[in-house]
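Novice: One structure, as structure tokens, below. Some questions next.
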Amino acid sequence: MISAFYSGAAAMRAQQTAVDITANNLANVNTTGYKQKQAQFSDLLYSSMASTANTAGQAVGSGTAVASVENDMTEGNISETDRPLDYCIPGSGFFQVRDSSGNRYFTRDGSFEALRSGSGYILGDSQGRAVLDSSGNTIALGKNSAPEKSPGVFTFSNEQALSATGGNLYAQTTQSGAPRASGTKPIQGGLEGSNTDLAQQMAGLMISQRGFELSSKAVQTADSIEEMANQLR
């Protein structure tokens with residue numbers, strides 16, 4: 001019965017993580033450029049039961065766990081805003097932004113703003129990070145606050161391996177490879193919506209909740225059987 005406790009607890013932990021991921025997706029259904037995430041599960045260690053004269057040893061699992069959390073990079077719907085500082089990327093790619101410490105991040109959120117820099121203004125995001133062009137330089141704003149250049153679009157050899165750092169930002173990793181400037185030209189005056197599929201996420205939430213409930217019942221059943229065994233005389 002001890003293994004039943006551990007298997008049930010592991011499944012509860014995995015389903016709770018899945019619920020948290022789905023809840024985060026639902027919370028960002030209206031976030032510009034957000035990419036929904038999905039949990040991938042894997043089996044835990046298997047052990048072999050003792051063989052008998054009539055049966056061979058059978059493999060018994062120890063439950064399941066979340067192996068990874070993958071980013072769904074499919075493109076969201078594009079809506080026109082007619083705002084000159086709004087940009088969206090058709091197809092794959094990311095905008096590159098740089099914070100005051102020189103750290104560089106990547107995002108699909110193109111709702112940019114005018115950022116004060118010296119005696120003028122440059123293109124920046126809502127958190128005060130500078131938006132960079134395809135050469136990695138800041139973008140000055142000219143007359144009527146119009147950007148003098150288009151934001152650069154960067155791609156990766158393995159964008160699924162990008163690390164989500166929060167705030168709708170991603171950072172490159174060893175597995176993602178280095179960013180490469182793309183020839184894609186962003187669309188001015190438009191924004192990409194979240195690619196969260198509301199119906200799919202709601203269905204996934206119910207599945208995860210039912211899975212958590214069944215796993216908790218497995219733990220309760222194992223506890224009841226253990227209690228009965230301890231009461232035998």
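Novice: I need the full set of residues from segment 141-199 which are free of Cβ contacts under 8 Å to residues at least 40 places away in the same chain and part of a strand (DSSP E or B), in order please.
Specialist: Selection gives Leu141, Ser163, Gly166, Arg180.
Matching residues to (1) among the small types (Gly, Ala, Ser); (2) under 16 Å from Ala178 (Cα atoms):
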residue	(1), (2)
Ser101	yes, no
Phe106	no, yes
Gly110	yes, no
Glu113	no, no
Ile122	no, no
Ser126	yes, no
Ile139	no, no
Ser150	yes, no
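Novice: Please count how many residues of segment 99-129 are under 19 Å from Cys88 (Cβ atoms), in a strand (DSSP E or B) and not polar (S, T, N, Q).
Specialist: Residues in segment 99-129 being under 19 Å from Cys88 (Cβ atoms), in a strand (DSSP E or B) and not polar (S, T, N, Q): 6 in total.
Each value in this text was obtained by applying a stated rule to the coordinates, not by laboratory testing. Small disclaimer: the values here were computed from a predicted structure and weren't measured. So basically every Cβ, Gly included, is an ideal-geometry build from the backbone, and we count neighbours across all protein chains shown.
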